[in-house]
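Remarks on the structure that follows.
The values are calculated or read from the model by the stated rules, or taken from the named source; none is laboratory data. Everything quoted here is computed from the prediction, not taken from an experiment. Note: ideal-geometry Cβ built from the backbone for every residue, glycine included; neighbour counts use all protein chains shown. Ligands, DNA and RNA are stripped out before the accessible areas are found, and what is left, the full protein with its side chains, is counted by its heavy atoms. Shrake-Rupley method; radii C 1.70, N 1.55, O 1.52, S 1.80 Å.
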Amino acid sequence: LDRAVKLASDLLAYGKTEEAAPDVRSLRRAEVLEGAEEEARLSQDGVRMISLVDPADQVVADPDQLHRILVNLMRNARQAIEQQAGRESQGAVQVSLFDEDGVSVIRLADNGPGVSERARERLFQPFAGSTRPGGAGLGLAIARELAQGHGGDLSLAETGPQGTVFELRLPGAPTRAPAPKRRRSKSPEG
């Protein structure tokens, strides 16, 4: 199995196209989360997203690459929750954004079954990290590669029967978007 994984990884590396360098810009919460939530098929009726990110908060990243990272993490969480046997409560993915020593940290915490110890060992390895039947094991490897292309990283912060937490670290601290400028109306006196 290890030889097959190595062969597949080598083949992937050989035929791999280079990811474009990130085209970073300031992105507001709405730009970052709403499209990812929809594509990952999170919903109020199923596994839902709980955002603790203020709508005015911003992060600096390539919008397409950040979208791919978030969709992968949200989809993985949804699938793990949906496959959890005997689940009695509604599934959720909670997203927060904070500054830690000048780095933006996007934290995605789910209330799913956690990642098995066996899967943790190879979580970010191509073709080896899948925790679900039929999974290719590429999603987290690609997501981490995209994060590292930004000069950041993606890591498994916590996991257990209470759920799983991934942290995406990106250079630059989150900033609050400036409030829209108000137009001053002229008084009736002129």
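Taking region 67-92 as the range and being of a type in the set (Val, Ile, Thr) and touching a residue at least 40 places away in the same chain (Cβ under 8 Å) as the test, only 69 passes.
Please verify whether region 89-104 includes one or more residues that are at negative phi, of a type in the set (D, E, K, R) and either touching a Phe, Trp or Tyr at 6+ places or on another chain (Cβ under 6 Å) or crowded, with 19+ Cβ neighbours inside 10 Å (or both). Among the residues of region 89-104, not one is at negative phi, of a type in the set (D, E, K, R) and either touching a Phe, Trp or Tyr at 6+ places or on another chain (Cβ under 6 Å) or crowded, with 19+ Cβ neighbours inside 10 Å (or both), which makes the answer no. For beta carbons closer than 8 Å, sequence separation of 6+ or different chains, a first residue in region 53-66 that is over 11 Å from residue 149 (Cα atoms) and outside any helix (DSSP H, G or I) and a second that is among the hydrophobic types (A, V, I, L, M, F, W, C) and open to solvent by 20 Å² or more (accessible area, probe 1.4 Å), the qualifying pairs are 53/97; 55/30; 56/179; 57/97; 59/97; 60/24. Mind checking which residues of region 26-43 are buried (at least 19 other Cβ atoms within 10 Å of the Cβ) and within 16 Å of residue 168 (Cβ to Cβ)? Within region 26-43, 27, 29, 32, 33, 36, 37, 40 qualify.
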